[in-house]
Amino acid sequence: MRTALLLLLLLLLASCGGGARTPRPGEKLVVMAATTHLAALAMAVAGESATVQLLPREGTDPHSFEATAEDRRRLESAHLLLVNGLKLETFDAAKLASAAGIMLVDCSAQIPRDFLIAAESDSADHGHAHGGEDPHVWLSCEGAALQAQAMARAMATLDAANGEGYLKRADEFQARVMKLRDDYRARLLALPNRGFVTDHDAFAYFAREFELKNLGFLRKLPGKEPTLAERRSLEAAIRQSGAKAIFTEPGHDPAASETLARGLGVKLASLDPFEIGRPSATAYEETMRRNLEAVLEALK
């Protein structure tokens, strides 16, 4: 099955007329990722066969990243640019990849449409949420596995000599994260009250996968304080539901969440959307496990 897929991928590459640069003999495949989470997934898939780099400077908000002249120079030494798609990135990835002569892969393009969730925020100022689908698919284990499979296929297309390894590691990653999902979903389903509030609208896929009830979010835009009306609406939802926790995010000012939690007498905890931070081959699984442990502790 995997050999047949590799042959198909090679035919697809040939049909593209060789437009995408491939590694020279003895050269490693170089993969550039537009976000921290994509870099981490790519590292899990790449193993020792490819070099994975994060395009934005570490700690950069993926919603607002714009490529510099130095970033464009770095792309010229790569073979593949990975983007999340679904309007998460605001820069022109197609233009960058074309200028560098490298393959561009939207890691969400092949995700089934019925898997996607409509974006809740309608602000034109929020690059990824003004109509269309919520881009935070990686915050479900299934979504992350689908993205890992997409990048593995692209890596195998460009680097056929190591193609079997990329596809095998993507399958192994998928098996691990789906087991993680199943283990924690069983534990979370035992909780009588699974309602919670988050800092911003990043956790819809997470909530659906683990059958949690996301009662709302504090901010429509990251970093923007909620209005009085928004805060009162959330307070009413929390009181009515008996929700036990409000979750902040790393890198966001927790003051508004702290005030709301203190006023309502609910727990304050943290969930990491894995949008900033240092990628590694194990970082995605470690982050999801920490998030799930935080939810279990806060909602028990």
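FYI, it's all coordinate maths here, none of it is from the lab. Here the structure is a predicted model, which is why all the values come from computation and not from measurement. Positions of Cβ are backbone-derived with ideal geometry, glycine not excepted, and every protein chain shown enters the neighbour counts.
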inquiry  = What is the angle, in °, between the Cα long axis of helix 228-241 and the longest principal axis of the Cα atoms in the chain? Nearest 10 is fine, range 0 to 90.
reply    = 80
ask   = For the range 27-181, what class follows from the C-alpha gyration tensor (a ≥ b ≥ c being the square roots of its eigenvalues): rounded when a/c is under 1.5, otherwise prolate if a/b is larger than b/c, else oblate?
value = oblate
Built amide H within the under 5 Å cut-off of LEU218, gap 5+ = THR198, ASP199, HIS200
message = Need one number: nm distance between label points at GLU286 and LYS267, each 7 Å from Cα along Cα→Cβ, rounded to one decimal.
response = 2.3
request  = Determine the calculated [θ] at 222 nm for the chain from helices alone, applying -39500 (n - 2.57) to every DSSP H run no shorter than 4 residues and normalising by the residue count; nearest 500 deg cm²/dmol.
outcome  = -14000 deg cm²/dmol
Size of electric dipole in the range 190-299: Cβ of Lys, Arg +1 and of Asp, Glu -1, about Cα centre, debye, nearest 20 = 400
ask   = For the range 190-299, what class follows from the C-alpha gyration tensor (a ≥ b ≥ c being the square roots of its eigenvalues): rounded when a/c is under 1.5, otherwise prolate if a/b is larger than b/c, else oblate?
value = oblate
key: Between the range 151-217 and the range 44-60, the alpha-carbon center distance in angstrom   = 19
query = Helix 255-264 versus the longest principal axis of the chain: what is the Cα-based angle in degrees, 0 to 90, to the nearest 10?
reply = 40
remark   = In degrees, nearest 10, the alpha-carbon axis of helix 36-46 is tilted away from the dominant principal axis of the alpha carbons of the chain by 40
remark   = Checked against the structure, the computed volume of the Cα convex hull per residue in Å³ among (i) 165; (ii) 206; (iii) 127 is the one labelled (iii)
